[in-house]
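The structure appears right after this line, and notes come after that.
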Amino acid sequence: MPTAATNPDFGHRTRRPSSILEFIRSNMPAVPAPSVPEIQIHSAGPASGLRRLSKLDTEGRRPAPPYWAYSWPGGAALARRFFDQPETVFGRRVLDLGAGSGIAAIAAAKCRAIEVIAAEIDPNAVVALRLNALANGVTIKIVAADITGGEPPAVDLVAVGDLFYDNDIAQRVIAFLDRCRAAGIDALIGDPGRAYLPHDRLRLVAEYPVRDIGDAKSAGLRTSRVFAYEPKGA
């Protein structure tokens with residue numbers, strides 16, 4: 001299977017990969033991720049011109065919001081946890097669900113997980129994820145699909161960052177995580193406290209001061225948390 005380290009165009013079928021690649025490389029330099037400087041991320045700045053990406057859609061569809069262009073607090077908290085406690089992922093197979101920029105997946109790979117899979121449905125994010133993996137010298141297998149309706153993958157740990165902002169998405173993720181836990185797969189959630197976080201299923205593992213998207217460099221840090229996911233009745 002081609003991976004991020006060998007073929008950044010693999011699996012990208014709905015947009016013109018070379019145009020997206022060139023846009024990211026030209027307008028979004030790889031810089032240390034906020035709160036996780038061990039990782040370099042192609043990040044958007046004030047002059048990046050993300051709106052121009054809508055012109056690269058060859059089928060006339062409105063592009064998804066560019067969540068992948070930033071480091072989000074839940075993903076940053078997961079990445080921080082992996083670096084601070086590398087035994088969390090060392091020698092394990094890890095899935096980063098809704099990976100976005102791939103910050104959690106990259107951290108897992110850097111902390112010597114034996115396999116890292118990133119699942120992401122936005123085709124722009126798929127390209128950015130591959131470029132971010134290349135920038136960090138790690139190999140990540142990317143699944144460009146919504147896998148929440150399927151059976152649990154062959155992994156030891158599922159990491160979920162920042163996915164509980166929408167009720168429909170949250171319910172799909174909760175059902176998927178319930179199936180993963182029933183199959184003996186551990187699950188960690190990174191989140192700053194979004195509206196649809198399933199508190200009745202969570203056990204606090206760690207708290208980290210991180211920056212949120214849009215925070216000015218002079219703004220104070222906010223708390224993002226890492227939770228272990230435990231289904232009801234566990």
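The values are calculated or read from the model by the stated rules, or taken from the named source; none is laboratory data. Since this is a predicted model, take the numbers as computed values, not measurements. With ideal geometry, Cβ positions are generated from the backbone for all residues, glycine too; neighbour counts draw on all protein chains shown.
Looking only at region 46-68, decide whether some residue is modelled with pLDDT of 85 or more, in contact with a Pro (Cβ under 8 Å, 6 or more places away or on another chain) and closer than 20 Å to Ala119 by Cβ. Spell out the reasoning first.
Going through region 46-68, the residues modelled with pLDDT of 85 or more turn out to be 67-68.
Remaining after also requiring in contact with a Pro (Cβ under 8 Å, 6 or more places away or on another chain): none.
No, the conditions are met nowhere in region 46-68.
How many of the residues in region 70-117 are among the hydroxyl-bearing types (Ser, Thr, Tyr) and more than 11 Å from the chain's Cα centre (by Cα)? Please lay out each step first, then the result.
Within region 70-117, the first condition is being among the hydroxyl-bearing types (Ser, Thr, Tyr), and the residues that meet it are 70-71, 88, 101.
From what is left, the residues that are more than 11 Å from the chain's Cα centre (by Cα) are 88.
Total meeting the criteria: 1.
How do the pairs read when you match residues in region 133-149 that are within 17 Å of Asp168 (Cβ to Cβ) with residues anywhere that are of a type in the set (Gly, Ala, Ser) and assigned to a strand (DSSP E or B), using Cβ under 6 Å and keeping only pairs 6 or more apart or on different chains?
Ile147/Ala119
Please give the strands (runs of 3 or more DSSP E) falling wholly within region 104-217 in which 2 or more residues are surrounded by fewer than 16 Cβ atoms within 10 Å (Cβ to Cβ). Can you show your working first?
Working: elements: 115-119, 141-143, 157-161, 186-191, 202-210.
Filter on region 104-217 gives 202-210.
Can you find a residue that is modelled with pLDDT of 95 or more, under 21 Å from Pro86 (Cα atoms) and out of contact with any strand residue (DSSP E or B) (no Cβ under 8 Å at 6 or more places or on another chain) anywhere in region 194-212?
No, region 194-212 contains no residue that is modelled with pLDDT of 95 or more, under 21 Å from Pro86 (Cα atoms) and out of contact with any strand residue (DSSP E or B) (no Cβ under 8 Å at 6 or more places or on another chain).
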